[in-house]
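Every number here is computed from the coordinates shown, using simple stated rules; none is lab data. Not measured: the values here are computed from a predicted model. Cβ: placed from backbone, ideal geometry, glycine included. Neighbour counts: every protein chain shown.
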Amino acid sequence: MTTPSIVPGKTRIGWIGTGIMGTSMVGHLIKAGFSATVFNRSKEKAAGLLGQGAQWAETPQAVAAASDVIFSIVGFPADVREVLLGKTGALAGAKAGSVLVDMTTSEPSLAVEIYEAAKAKGVYSVDAPVSGGDIGAKNAALSIMVGGDKEIVEALTPCWNAMGKTLVHQGGPGAGQHTKAVNQILIASNMIGVCEALLYAYKAGLDLPTVLKSVGSGAAGSWSLNNLGPRIMDNNFDPGFLVEHFIKDMGIALSEAKQMGLCLPGLALANQLYVSVKSLGYGRHGTHALELALAQMSGVDWKAR
């Protein structure tokens with residue numbers, strides 16, 4: 001197959017999934033000069049993009065039929081399977097030479113399955129999960145981890161540049177998803193430390209913003225502390241990344257680790273803590289809502305301001 005030429009103003013972009021992150025991401029592509037056709041289960045969530053000139057499609061299949069490069073970022077592996085491989089999925093409408101780009105955090109084995117199914121139809125496929133949350137998506141500062149054929153990854157450079165700051169080709173199909181599992185393993189234990197530390201500071205009667213000034217720029221500093229810490233202090237637990245999606249990601253990493261014969265007790269603990277966060281009714285909150293669950297476990301009335 002001939003490597004496609006991907007050029008703003010000529011290449012037609014399709015986008016499936018206009019949620020917290022997807023809306024900003026496709027918005028950046030539109031601003032970069034790409035025309036876009038979009039689909040989301042709830043059309044109202046695509047209203048802003050339609051106002052920017054995007055076209056609406058009734059199914060993922062229709063998105064693909066109108067596009068040269070089809071992106072997807074949805075919730076769970078089952079959603080990925082439906083929107084890409086289902087009866088009215090993107091592959092059913094994709095033309096030979098077009099490209100599927102799944103940016104959902106999903107299963108490495110599913111990424112390989114999609115790659116093989118696409119290849120059989122003369123369609124390219126890459127897996128490209130991202131890190132950076134809603135802030136990274138809004139600021140076009142995402143870290144993008146890609147698995148797939150090198151020449152296709154390179155051809156997509158104008159799209160990567162519109163959405164992110166860091167792009168690394170990790171290897172063949174599924175390599176991007178494995179790398180995202182590494183990312184989530186790192187975040188999982190770090191979030192426990194962030195929330196426990198702020199709970200300690202709160203209970204000790206310290207001024208939390210002042211504490212953050214001291215620890216945020218030193219060895220204890222982290223993206224989660226410096227970006228989500230202020231939200232926690234403001235009692236703002238709106239999602240940059242949903243708790244229920246984080247539980248999904250950790251479940252994927254634990255499953256892969258089991259297949260490799262690995263013992264990851266830190267990840268297992270974080271997973272159990274986040275299951276408790278969800279059971280308390282915070283599944284649709286941001287991952288930093290772990291603070292609320294830890295406070296409740298200790299009988300602390302969290303009212304940081």
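A crude spin-label estimate for the pair SER276 and VAL300, with each label 7 Å from Cα along the Cβ direction, gives 1.3 nm.
The modelled label-to-label distance between LYS121 and VAL182, using points 7 Å beyond Cα along the C-beta direction, is 3.1 nm. Can you work out the FRET efficiency for the pair TYR200 and LYS150, with r the C-beta to C-beta distance and R0 = 45 Å, to the nearest 0.05? Approximately 0.45, to the nearest 0.05.
The string of couplings for segment 30-46 from the Karplus curve (6.51, -1.76, 1.60, θ = phi - 60°) is 5, 5, 6, x, 7, 7, 9, 10, 10, 9, 8, 4, 10, 4, 4, 6, 9 Hz, one whole number per residue in order, with x for Gly and Pro.
Note on segment 251-305 and segment 70-123: Cα centroid distance 30 Å, given to the nearest whole angstrom. Distance from the C-alpha centroid of segment 155-193 to that of segment 206-228: 24 Å, rounded to the whole angstrom. Most simply put, the chain has about 15% antiparallel DSSP beta bridges, counting only bridges with both residues inside it.
Taking the Cα of ASN226, stepping 7 Å toward and past its beta carbon, and measuring to each backbone N in segment 260-290: which are under 19 Å? The answer is 288.
Among the listed pairs LYS180/LYS278; LYS248/LYS303; LYS43/LYS180; LYS138/LYS165, those with a Cα-Cα distance over 20 Å are LYS180/LYS278; LYS248/LYS303; LYS43/LYS180. Relative contact order, whole percent, for the chain stands at 14, derived from Cα pairs under 8 Å and 6 or more residues apart. Ignoring aspartates and glutamates fewer than eight residues from LYS10 along the same chain, the ones with Cα atoms less than 18 angstrom from its Cα are ASP68, GLU154.
Each Lys and Arg adds +1 at its Cβ and each Asp and Glu adds -1 at its Cβ; summed about the Cα centre, segment 179-297 shows a dipole of about 140 debye. Counting neighbouring beta carbons within 10 Å and listing from fewest to most, the residues VAL215, VAL194, VAL153 come out as VAL215, VAL153, VAL194.
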